[in-house]
Amino acid sequence: MAIETSKRRCFRYLRISALLSLAPVSIIPVVAQAQTAADNVRVEYIFKKGDTLIALASKYMRKRSDYVTVQRINRIANPRFIPVGKTVSIPFRLLKYRKSEASLSAFRGNVAIADGGRTITPVKGLEIGEGSRLATSAGSFLTLQLEDGSRISMPSNSKMRITRLRHILLTDSVDYELAVDSGRIRSKVTPFDKKADRYRVRTPVAVSAVRGTDYRTRVDEETGTAYSETVEGSIDVAAGESIDGASSVSVPAGTGAAATVTGKLATADLLTPPELVEPAKVQSEETLEFTVVPRPVATAHRILISSDAGFVDIVAEQLSEGSAISLAGIEDGRYFAKATAFGEDGFEGMPANYSFKRQLSTLSGSADSGDFGFRFKWAGAGSGKRTYRFQLMLGSTDAVPIVDEAGLTRDVLTLSDLPDGEYYWRVGVTQYSTDPEDKDVFQKWTDFEKLTVAG
């Protein structure tokens, strides 16, 4: 199949993301996709003592007369007499259900939610039902939690519809279905314990089904190819509308499947997790900086930042070519980073999770001469108590300091009567967290600066 394999593919994605970031997020109604295929899926029911098809229809089907359809499908001669233990196939579309709901666990940035033509203001804990449409703009994220504990995370520049969110009364089972129109989602599905439980994700060209797993679904904006990548468990993926078609493939953990707009379907092994250089270092600069140990098989890398280990509250992400990744600064605190690598086949690889501390603490210095001697001045950003230490060496950075002043609270120091010579100086900062539970003290130094004194 013709799946893009070059680095350009990842960066067409970046260019599209940049273009999307220029416009406000909006939700455009989309014709319900593959609804007929979903409705024609059937559930199997084993008849018990005292069951009749008509009684079953009265209690569990939308209309009492629906028993006629079930009778015809199963070629039942007498709807009032069915042997105990007989398995009867019933279309989902005929069954009664109670509405299930999803709740908005977390969100950041510009998130749009619409239901029945109404625009809904996102609020944490908001109940979201079947028929809702959700969209995220650049730098925006949301996470939903379903009734059974399953979670759906939706990162930047994505659009999704909730096409089914139901609890089927006959089988006491869940019937969940999502449609990803663009962008991507991550599904963390609680293992199902009933045969009739269903969780499906549809894209314009494919459908995937699971019974409990962790996997990603992504629609390429340019080619229309739908990628499914399994992190835990196993999923089934099929090109087109029906998961029961001949083109269905099993996709276990560590592998992915890609369906093209032409209906071709291919699988591939995912790249192993990338390794970060010094992942636990304190992120103290204005921007977050991560470095990936380079591998020739990786064409790009993605970093996802969350405030929790489950990646429910996603705060930032960045897709970048090469091994250096920069992200905009975030508030001080403890965070988690999820790193993945893209292969030449377009698949996003297995994730590696790291924890790190963010504490903004910048520092720079300057020196000049005046009427009263040499003035050394420094400045920096960061919250919390800050004290400074100034060191001055003569002749070499390895020399014993001739001036070593610690515990300074001001940002300037003046030294007079310095003999001629070459000096090296630096300033260090000791910074305390504003979080009373964080007892760690952060320290850093500026690079050595050279000062030449000549009469």
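The values are calculated or read from the model by the stated rules, or taken from the named source; none is laboratory data. What you are looking at is a predicted structure, and each value in this text was computed from that prediction instead of being measured. Quick reminder, even Gly has a Cβ in these numbers, built from the backbone with ideal geometry, and neighbours come from all protein chains shown. SASA here: full protein model, heavy atoms, side chains in, ligands and nucleic acids out. Shrake-Rupley method; radii C 1.70, N 1.55, O 1.52, S 1.80 Å.
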Taking the conditions exactly as written (open to solvent by 70 Å² or more (accessible area, probe 1.4 Å), more than 18 Å from Val201 (Cβ to Cβ) and at pLDDT 95 or above), does Glu127 satisfy them or not? yes
If you go through Gly343, Gly310, the only one that is farther than 21 Å from Glu278 by Cβ, of a type outside the set (A, V, I, L, M, F, W, C) and within 12 Å of the chain's Cα centre (by Cα) is Gly310
For segment 174-199, what are the residues that are touching a residue at least 60 places away in the same chain (Cβ under 8 Å), in a loop (DSSP other than H, G, I, E, B) and either basic (Lys, Arg) or crowded, with 22+ Cβ neighbours inside 10 Å (or both)? Lys195
Among the residues of segment 146-157, count how many are within 17 Å of Asn110 (Cα to Cα) and outside any strand (DSSP E or B). 3
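For Leu20, indicate whether it is modelled with pLDDT of 90 or more, out of contact with any Leu (no Cβ under 8 Å at 6 or more places or on another chain) and buried (at least 17 other Cβ atoms within 10 Å of the Cβ).
Spelling it out, it is not the case that Leu20 is modelled with pLDDT of 90 or more, out of contact with any Leu (no Cβ under 8 Å at 6 or more places or on another chain) and buried (at least 17 other Cβ atoms within 10 Å of the Cβ).
Just to be sure, is Ile305 open to solvent by less than 10 Å² (accessible area, probe 1.4 Å) and either at pLDDT below 95 or within 20 Å of Ser433 (Cβ to Cβ) (or both)?
Working: open to solvent by less than 10 Å² (accessible area, probe 1.4 Å): yes; either at pLDDT below 95 or within 20 Å of Ser433 (Cβ to Cβ) (or both): yes.
When the stated conditions are applied, Ile305 passes them.
In this structure, does Gly380 turn out to be open to solvent by less than 40 Å² (accessible area, probe 1.4 Å) and under 43 Å from the mean Cα position of the chain (by Cα)? Steps first, answer last, please.
Numbers: open to solvent by less than 40 Å² (accessible area, probe 1.4 Å): no; under 43 Å from the mean Cα position of the chain (by Cα): yes.
No: the conditions fail for Gly380.
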Does segment 101-108 contain any residue that is more than 23 Å from Val315 (Cα to Cα) and modelled with pLDDT under 95? yes
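What do you reckon, is Ser247 open to solvent by 10 Å² or more (accessible area, probe 1.4 Å), part of a loop (DSSP other than H, G, I, E, B), out of contact with any helix residue (DSSP H, G or I) (no Cβ under 8 Å at 6 or more places or on another chain) and among the hydroxyl-bearing types (Ser, Thr, Tyr)? It would help to see each step written out before you state the result.
Working: open to solvent by 10 Å² or more (accessible area, probe 1.4 Å): yes; part of a loop (DSSP other than H, G, I, E, B): yes; out of contact with any helix residue (DSSP H, G or I) (no Cβ under 8 Å at 6 or more places or on another chain): yes; among the hydroxyl-bearing types (Ser, Thr, Tyr): yes.
Spelling it out, Ser247 is indeed open to solvent by 10 Å² or more (accessible area, probe 1.4 Å), part of a loop (DSSP other than H, G, I, E, B), out of contact with any helix residue (DSSP H, G or I) (no Cβ under 8 Å at 6 or more places or on another chain) and among the hydroxyl-bearing types (Ser, Thr, Tyr).
Do the conditions hold for Lys281, that is, is it charged (D, E, K, R) and under 28 Å from Ala379 (Cβ atoms)? Before the answer, list the steps.
Numbers: charged (D, E, K, R): yes; under 28 Å from Ala379 (Cβ atoms): yes.
Yes; evaluated as a whole, the condition is true for this residue.
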Name the residue, out of Val400, Val453, Val412, Val427, that is in contact with a Leu (Cβ under 7 Å, 6 or more places away or on another chain), surrounded by fewer than 18 Cβ atoms within 10 Å (Cβ to Cβ) and hydrophobic (A, V, I, L, M, F, W, C). Val453
Name the residue, out of Tyr388, Tyr354, Tyr423, that is of a type outside the set (D, E, K, R), under 30 Å from Ala309 (Cβ atoms), in contact (Cβ under 8 Å) with a residue 24 or more places away in the chain and out of contact with any Ser or Thr (no Cβ under 7 Å at 6 or more places or on another chain). Tyr354
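Is segment 434-443 home to any residue that is farther than 18 Å from Val282 by Cβ and surrounded by 11 or more Cβ atoms within 10 Å (Cβ to Cβ)?
Our first condition is that a residue be farther than 18 Å from Val282 by Cβ; within segment 434-443, this holds for 436.
Subset that is surrounded by 11 or more Cβ atoms within 10 Å (Cβ to Cβ): none.
No, the conditions are met nowhere in segment 434-443.
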Got a number for residues in segment 378-401 being out of contact with any strand residue (DSSP E or B) (no Cβ under 9 Å at 6 or more places or on another chain) and polar (S, T, N, Q)? 0
Among the numbered conditions (1) outside any loop (DSSP other than H, G, I, E, B); (2) closer than 13 Å to Arg184 by Cβ; (3) in contact (Cβ under 8 Å) with a residue 60 or more places away in the chain, tell me where Met160 comes up short. (3)
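Given the criteria within 19 Å of the chain's Cα centre (by Cα) and modelled with pLDDT under 95, does Gly263 qualify? Outline the logic, then answer.
Values: within 19 Å of the chain's Cα centre (by Cα): no; modelled with pLDDT under 95: yes.
No.
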Unique residue being touching a strand residue (DSSP E or B) at 6+ places or on another chain (Cβ under 6 Å) and farther than 24 Å from Arg166 by Cβ when the list is Tyr227, Tyr215: Tyr227
